[in-house]
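Participant: The structure follows.
Bear in mind these aren't lab numbers, they're just calculated from the coordinates by the rules spelled out. Computed from a predicted structure; not experimentally measured. Cβ placement follows ideal geometry from the backbone for every residue including glycine, while neighbour counts extend to all protein chains displayed.
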Amino acid sequence: MTLRLERDGPVARLLIDRPARRNAMTQAMWEMLPILVQDAMADDAIRVLILASATPGLFCAGADIDEFATCSGDPDWRFANQTAIRTTQYALAHADKPVIAAIDGDCVGGGCGLAIACDLRIAAPAARLGITPAKLGIVYSLFDTKLLVDLVGPARAKRILFTGALHDADTALAIGS
């Protein structure tokens with residue numbers, strides 16, 4: 001099981017559980033995550049949803065690059081993948097209840113996309129955040145970019161996107177993310 005929803009009174013935890021791949025998101029995970037968000041939103045007992053890793057010291061390394069390399073030549077897969085990612089972020093960004101990203105460890109690329117779609121981000125001191133697709137020659141999606149610009153402003157968003165640098169938790173807080 002790579003994603004699971006756990007309930008504890010008014011708190012639901014949507015846990016990413018793929019530690020061998022640093023919680024890199026597969027197509028199946030992108031497709032499942034919004035279903036779990038909706039499940040939490042439909043539960044009247046739940047007051048807040050926390051998106052986190054099931055493994056301490058991890059958050060999400062983004063999209064599974066191996067899967068991307070294998071499947072990206074197929075235009076139907078690319079379309080389905082972008083649709084699933086956008087649907088996931090939309091579900092997080094438009095949830096009826098507060099959604100908090102609990103970032104412990106690396107939050108990179110698509111992992112940052114998950115975090116910036118949440119209402120709040122809480123990062124452990126050892127967390128590192130960055131949007132790195134530029135280093136792979138990949139353009140970050142428009143929806144992700146808009147979320148980032150809305151969060152940190154255009155100048156900071158450009159710096160984050162163009163450099164692909166990783167930032168520690170204190171720097172991310174100073175940037176405004």
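Participant: Karplus couplings for the range 10-15 from phi (6.51 cos²θ - 1.76 cosθ + 1.60, θ = phi - 60°), rounded to Hz, Gly and Pro as x?
Facilitator: Those phi angles translate into x, 10, 10, 10, 9, 9 Hz.
Participant: Pull up all non-local amide H partners of Ile138: gap of 5 or more, or a different chain, and H-to-H distance under 5 Å with H placed in the peptide plane.
Facilitator: Under 5 Å from the amide H of Ile138: no residue qualifies.
Participant: Could I ask something else about it? Would you calculate, for the chain, the mean residue ellipticity at 222 nm contributed by helices, counting each DSSP H stretch of 4 or more residues as -39,500 (n - 2.57) and dividing by all residues, to the nearest 500?
Facilitator: Theoretical 222 nm ellipticity from helices: -13500 deg cm²/dmol.
Participant: Continuing with the same structure: List the residues whose amide H sits under 5 Å from the amide H of Ala63, counting only those 5 or more places along or on another chain, with H placed 1.01 Å from N in the peptide plane.
Facilitator: Met25, Gly110, Gly111
Participant: Arrange the following residues from fewest to most other Cβ atoms within 10 Å of their Cβ: Cys71, Cys118, Cys112.
Facilitator: Cys71, Cys118, Cys112
Participant: Which whole-angstrom value gives the distance between the alpha carbon centres of the range 53-88 and the range 1-37?
Facilitator: The range 53-88 and the range 1-37 have Cα centres spaced 13 Å from each other.
Participant: Now for a different question. Give the long-range amide H neighbours of Arg128: residues separated by 5 or more places, or on another chain, with amide H under 5 Å away, using H modelled in the peptide plane at 1.01 Å from N.
Facilitator: Long-range HN contacts for Arg128: Gly105, Asp106, Cys107.
Participant: Can you tell me which of Ala20, Ala115, Ala134 moves the most in a GNM of the chain? Springs connect C-alpha atoms under 10 Å apart.
Facilitator: Checking each option, the largest mean-square fluctuation is seen for Ala20.
Participant: Hey, another quick one. Under the Karplus relation 6.51 cos²θ - 1.76 cosθ + 1.60, θ = phi - 60°, what is the ordered set of whole-Hz ³J(HN,Hα) values for the range 111-128, x standing for Gly and Pro?
Facilitator: x, 5, x, 5, 5, 6, 7, 7, 5, 9, 10, 10, 10, 5, x, 8, 5, 10
Participant: Something else about it: For the residues Ile16, Ile100, Ile35, what sequence is obtained by ranking on other C-beta atoms within 10 Å, fewest first?
Facilitator: Neighbour counts put them in this order, fewest first: Ile35, Ile100, Ile16.
Participant: Quick one: Karplus J couplings for the range 78-90, per residue in order, coefficients 6.51, -1.76, 1.60, θ = phi - 60°, nearest Hz, x for Gly and Pro?
Facilitator: 4, 4, 4, 5, 5, 5, 5, 5, 5, 5, 4, 5, 4
Participant: Same structure again: Tally Lys/Arg at +1 and Asp/Glu at -1 over every other residue whose Cβ is under 13 Å from the Cβ of Thr26; what's the total?
Facilitator: So the surrounding residues net to -2.
Participant: Say each of Lys146 and Ala126 gets a label point 7 Å from the Cα, pointing the same way as Cα to Cβ; how far apart are those two points in nm?
Facilitator: Rounded to a tenth, the inter-label distance reads 3.7 nm.
Participant: What FRET efficiency comes out for Val48 versus Thr87 if R0 is 25 angstrom and r is the Cβ-Cβ distance? Round to the nearest 0.05.
Facilitator: The formula returns an efficiency of 0.70 here.
Participant: Take Phe68, Phe79 and order them by how many other Cβ atoms sit within 10 Å, fewest up front.
Facilitator: Listed from fewest to most nearby Cβ atoms, that is Phe79, Phe68.
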